[in-house]
Amino acid sequence: MRQGVDGLGLGERLGSYPIAGVGGALAQMAQRVGLVLYAVLIICLAAITPPAAFAKGAVMTAVVFALFGLIRAWRHMSARSGLRRCHVYTDGLVVTSLFGGVRDAVAWSEVTVVNRSSGASVFMTFHRIEIARHGLRPLAFLALGLKPPVVDALLSQLAKNGIR
């Protein structure tokens, strides 16, 4: 049975945001590389026109639409199930694992420093957030996207609690 994230004594919940691990970042990169390869193959089919080019293009397009549908379904299901989420509270945050259980919980009073780094390219865009704590190993996670909402929520809560 999965443990809930409410009731950990971290105050009022301010938001729940999707996060990722290394696998999620690699999946994002694979999705974008696959889309570029799909575009190149469609252009080659149009330029070269081999036998049954329309059927081959239709099958490739159907596969791409099916994969994007599966990705959207996974995002919807994982959001509803609480998989890989960062729950921001007034007194701390909770990060859930791939299976929805509590991976780690951090109170703002335990935080010593927050290190942020980001990378943006055509194939992968992410923000890496590492929260160092007193006497415990740091908590690190990735937020995918150019400007993910979890970064703004964390920055506002860190500023309210006087953490740099």
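Which of these, Pro51, Pro149, Pro138, has the largest mean-square fluctuation under a Gaussian network model of the chain (Cα springs below 10 Å)?
For the chain, modelled as a Gaussian network with Cα springs under 10 Å, the answer is Pro51.
Mind checking the per residue accessible area of the chain for me, 1.4 Å probe, whole number of Å²?
Accessible area per residue, the chain: 61 Å².
Leaving ligands, DNA and RNA out of it, report the carbon-plus-sulfur percent of the accessible area of the chain at a 1.4 Å probe.
66
Kindly point out which whole DSSP H helices in the chain project their C-alpha atoms 24 angstrom or further along the helix axis while averaging a Kyte-Doolittle hydropathy of 0.0 or above.
On the way: long enough: 22-48 (38 Å, 1.87); 53-81 (42 Å, 0.86).
Those that pass (Cα extent of 24 Å or more, hydropathy at least 0.0) are 22-48, 53-81.
Using 0.36 nm times the number of residues separating Ser117 and Lys147, minus their current alpha carbon distance, what extension gain do you get?
9.5 nm
The values are calculated or read from the model by the stated rules, or taken from the named source; none is laboratory data. Quantities reported herein were computed from a predicted structural model and do not represent experimental measurements. Each accessible area value is taken on the protein alone, full model and side chains, heavy atoms only, with ligands, DNA and RNA left out. Shrake-Rupley method; radii C 1.70, N 1.55, O 1.52, S 1.80 Å.
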